[in-house]
Amino acid sequence: MLNKALNMANQWALQKVSRDWIDYIASNTMTDFNRWFNDFIWTYDLKAMVTAIETQADGVKTIHLLPNQHWKTYQAGQFVELVLEIDGQPHHRYYSLSPMTTKGTFSITVKKQADGVVSSYLTEQLQVGQSVKLNLPQGDFVYKQQQKLLFICAGSGITPCYSIISDLLAQNKAVDVAIYAQFSKQKDVIFANSLKQQWPAQGVSVEVAFTQETDSQHWLLTAENLLVQYPDLLERDVYLCGPTGFMDNMINALVAANFNLAKLHCERFVTVENTESGNLDFKVVQPSIYFKHLNQHIQLTTEDEGKSLLQIARQYGVNLESGCQKGMCGTCKLTLKEGKIAGNQLGSAVYLCTSYPDSARIVLDA
């Protein structure tokens with residue numbers, strides 16, 4: 001009963017009072033008692049309260065979250081890291097955010113994975129009123145003021161695309177938007193109401209395809225029909241998100257269509273093994289790197305973590321000059337046009353042999 005009353009009070013305060021004021025009051029009245037009595041407001045941690053849970057599709061739940069006063073602004077399409085403790089073990093997982101509502105809430109959409117520890121917990125055990133820890137949003141899969149957009153996604157890869165499109169429509173942006181969304185079966189469609197009714201009524205061109213329903217096979221997007229389905233493809237920026245195999249096929253199709261990869265924006269989700277439990281959970285995205293002067297695009301995987309930009313380029317067959325490989329001679333130096341790197345950088349000059357990816361999208365040029 002007390003927890004329910006506290007939750008209602010916290011929700012009222014966060015929806016009626018500015019977060020800056022709450023932060024000021026809480027930081028100046030931080031006592032052990034206050035932290036014990038109400039550790040959602042009197043805390044130094046960023047937390048979010050579960051305000052509602054709804055079923056989107058078979059095994060897919062949308063979880064609505066109200067963040068506390070430590071929340072900062074974010075851009076549609078970014079993702080957030082959830083920090084969960086399940087059976088005494090810490091877990092970190094990443095989920096795309098929906099646009100924030102007028103009530104100060106956002107949502108994440110989670111698909112249960114076979115034997116997934118975190119996805120099973122979030123879709124089957126999490127309850128309204130609980131709070132979860134999270135970190136501030138990150139990611140570069142965001143709208144960049146383009147006029148013509150094509151979103152290509154599969155499965156849970158629709159979540160960041162949904163966020164961007166919903167935000168554009170809410171702002172009444174005069175943007176030409178098309179989306180191709182691929183699922184296994186009808187019952188697996190995520191955000192079905194938006195895809196089938198709301199978005200078409202608002203002028204969005206929507207195509208939905210199914211890989212396991214034979215009467216819909218002709219809708220599957222391939223290298224052979226990409227330009228037929230989207231004859232103005234070369235005029236659009238493409239936002240691509242989905243499982244590894246799907247994305248690889250779509251990137252190959254775009255290359256075959258002579259698409260300018262500088263206009264390709266990627267968010268890759270991979271299913272990775274939890275080393276402690278041996279179970280599988282859904283995790284985000286490795287960076288993408290575009291070598292503009294060579295018109296070559298690389299989408300990294302978890303196996304590329306810890307490798308320098310030069311090592312990555314060589315592994316993927318990108319032909320770059322190099323010399324000492326110690327960051328001294330400058331032979332491998334390129335100019336950073338977009339994104340961030342960690343390591344050996346002088347102004348916008350990046351020494352590839354001793355630099356590492358540090359953002360979701362990196363563009364390099366000669």
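Considering the conditions (1) open to solvent by less than 80 Å² (accessible area, probe 1.4 Å); (2) more than 29 Å from Ile63 (Cα to Cα), Glu235 is excluded by exactly one of them, (1). Within the stretch 333-363, being in a loop (DSSP other than H, G, I, E, B) and within 21 Å of Gln299 (Cβ to Cβ) holds for Gly339, Lys340, Asp358, Ser359, Ala360.
Residues are listed down the side, and each one gets a yes or a no for (1) open to solvent by less than 50 Å² (accessible area, probe 1.4 Å); (2) β-branched (Val, Ile, Thr):
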| site | (1), (2) |
| --- | --- |
| Gln15 | no, no |
| Ser18 | no, no |
| Asn38 | yes, no |
| Thr43 | yes, yes |
| Lys47 | yes, no |
| Ala57 | yes, no |
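Out of the residues in the stretch 245-261 meeting the condition of being among the polar types (S, T, N, Q) and farther than 14 Å from Gln299 by Cα, tell me which one is nearest to the chain's Cα centre (by Cα). Ranking the qualifying residues of the stretch 245-261, first place goes to Asn260. Of the residues that make up the stretch 167-180, is at least one free of Cβ contacts under 8 Å to residues at least 24 places away in the same chain, open to solvent by less than 60 Å² (accessible area, probe 1.4 Å) and either closer than 25 Å to Thr244 by Cα or assigned to a strand (DSSP E or B) (or both)? No, because not a single residue in the stretch 167-180 is free of Cβ contacts under 8 Å to residues at least 24 places away in the same chain, open to solvent by less than 60 Å² (accessible area, probe 1.4 Å) and either closer than 25 Å to Thr244 by Cα or assigned to a strand (DSSP E or B) (or both).
Scanning the stretch 9-57 for residues that are touching a Lys or Arg at 6+ places or on another chain (Cβ under 8 Å) and farther than 23 Å from Pro137 by Cβ yields a total of 3.
Within the stretch 197-240, the set of residues being aromatic (Phe, Trp, Tyr), assigned to a helix (DSSP H, G or I) and at pLDDT 90 or above comprises Trp199 only.
Pairs meeting the criteria (first residue in the stretch 115-141 and under 27 Å from Gln69 (Cβ atoms), second residue open to solvent by 30 Å² or more (accessible area, probe 1.4 Å), beta carbons under 6 Å, at least 6 apart or on different chains) are Gly129/Asn7; Lys133/Asp45; Lys133/Val83; Leu136/Lys72; Pro137/Tyr74.
Residues that are aliphatic (A, V, I, L, M), part of a strand (DSSP E or B), over 17 Å from Tyr121 (Cβ atoms) and at pLDDT 85 or above within the stretch 45-101 comprise Ala52, Leu66, listed in sequence order. The single residue among Glu305, Glu321 that is within 22 Å of the chain's Cα centre (by Cα) and either in contact (Cβ under 8 Å) with a residue 12 or more places away in the chain or surrounded by fewer than 17 Cβ atoms within 10 Å (Cβ to Cβ) (or both) turns out to be Glu305. Within the stretch 144-179, being of a type in the set (Val, Ile, Thr) and under 13 Å from the mean Cα position of the chain (by Cα) holds for Ile158, Thr159, Ile164.
The values are calculated or read from the model by the stated rules, or taken from the named source; none is laboratory data. Computed from a predicted model, the values in this text were never measured in an experiment. Counting neighbours? That spans all protein chains shown, and the Cβs are built from the backbone with ideal geometry, glycine included. These accessible areas exclude ligands, DNA and RNA; they are computed on the full protein's heavy atoms, side chains included. Shrake-Rupley method; radii C 1.70, N 1.55, O 1.52, S 1.80 Å.
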